Amino acid sequence: MSLKVNLRHLEPREICLKGELPVGELDFDLRDEMLQVREPMHYDVRVEKVSHGLLAQGRLVLSLDCRCVRCLKSFKKTIELANWTLHLPLEGEDKATVDNDCVDLTPYVREDMLLEFPQHPLCSPDCAGLKKNGRSQAQTGRSAWDELNKLKL
Ligand SMILES: [Zn+2]
């Protein structure tokens with residue numbers, strides 16, 4: 001009987017990555033005053049090698065600090081990608097960049113998360129907006145935009 005090494009036994013078939021991705025790494029470059037990311041993103045992802053590429057599947061959870069565009073109330077919104085799937089080719093024109101045998105999934109996570117961000121955050125779908133408290137905006141000279149300007153301090 002010959003002495004053979006099965007290469008596939010030398011590397012795990014799949015790895016599980018679980019942890020937190022810091023805000024600084026996510027680097028969403030948000031210019032929107034109504035959306036802020038202050039907490040790390042939680043990930044629980046399984047990555048396996050498939051032919052010519054990598055397949056990542058798992059769960060991504062991120063908490064957003066939002067401000068309602070109608071009433072300016074602050075609220076938190078959780079974005080959960082429960083069945084996040086990413087297929088990354090390691091060959092061909094669209095192949096992922098490999099650096100020191102590592103592939104960085106961060107840019108792909110960032111892109112997929114950004115797609116889920118609300119364009120116009122609302123505290124509730126039927127938010128009535130700012131209450132006028134019996135005084136018209138003309139009398140007080142205050143509008144939603146004045147309130148917003150104060151928040152930019
Ligand atoms: Zn609201």
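Structure above, values below:
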| item | result |
| --- | --- |
| Residue list for region 24-77, filter: more than 16 Å from the ligand (Cβ to nearest atom) and in contact with a Cys (Cβ under 9 Å, 6 or more places away or on another chain) | 36, 44, 45, 46, 47, 58 |
| The listed residue being closer than 23 Å to residue 20 by Cβ, modelled with pLDDT of 90 or more, exposed (fewer than 13 other Cβ atoms within 10 Å of the Cβ) and of a type in the set (Asp, Glu), out of 104, 112 | 104 |
| For residue 94: the one exception among (1) in a strand (DSSP E or B); (2) surrounded by fewer than 10 Cβ atoms within 10 Å (Cβ to Cβ); (3) not β-branched (Val, Ile, Thr) | (1) |
| Residue within region 79-94 that is touching a strand residue (DSSP E or B) at 6+ places or on another chain (Cβ under 6 Å), within 16 Å of the ligand (Cβ to nearest atom) and under 19 Å from residue 31 (Cα atoms) present | no |
| Where residue 9 falls short, out of the listed (1) closer than 25 Å to residue 120 by Cα; (2) in a helix (DSSP H, G or I) | (1) |
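The values are calculated or read from the model by the stated rules, or taken from the named source; none is laboratory data. Predicted model only: the values in this text are computed from it and were never measured. Cβ atoms come from the backbone with ideal geometry, glycine included; neighbour counts cover every protein chain shown.
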